[in-house]
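K.L.:
Just dropping this structure here.
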Amino acid sequence: LPLSQCAIRWVRGGKRIAVDQRKKTRMINRSVLVEGICGHIRALCLKESVQR
């Protein structure tokens with residue numbers, strides 16, 4: 001799947017994760033947060049591709 005589609009799925013399915021990320025945003029620099037989110041998306045994309 002294209003990364004954009006994975007990102008959309010991640011956003012739809014990971015609203016709880018997003019809430020946790022917002023709570024952490026106050027403590028974490030945004031650049032680090034963005035890298036972490038990108039890592040999450042890539043990991044989930046890899047899991048999806050492996051499952052299929």
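K.L.:
State which residue pairs qualify: first residue farther than 10 Å from ALA7 by Cβ and inside region 36-48, second residue aliphatic (A, V, I, L, M) in any location, beta carbons under 7 Å apart, and separation of 6 or more residues or different chains.
P.N.:
GLU48/LEU1
A quick yes/no check of all residues on (1) part of a helix (DSSP H, G or I); (2) at pLDDT below 80; (3) in contact with a helix residue (DSSP H, G or I) (Cβ under 8 Å, 6 or more places away or on another chain):
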{"site": "VAL11", "(1), (2), (3)": "yes, yes, yes"}
{"site": "ARG16", "(1), (2), (3)": "yes, yes, no"}
{"site": "SER31", "(1), (2), (3)": "yes, yes, no"}
{"site": "HIS40", "(1), (2), (3)": "yes, no, yes"}
{"site": "LEU44", "(1), (2), (3)": "yes, no, yes"}
{"site": "VAL50", "(1), (2), (3)": "yes, no, no"}
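The values are calculated or read from the model by the stated rules, or taken from the named source; none is laboratory data. Keep in mind that this is a model prediction, so the values were computed, not measured. Because the Cβ atoms are built from the backbone with ideal geometry, glycine has one as well, and the counts that use them run over all protein chains shown.
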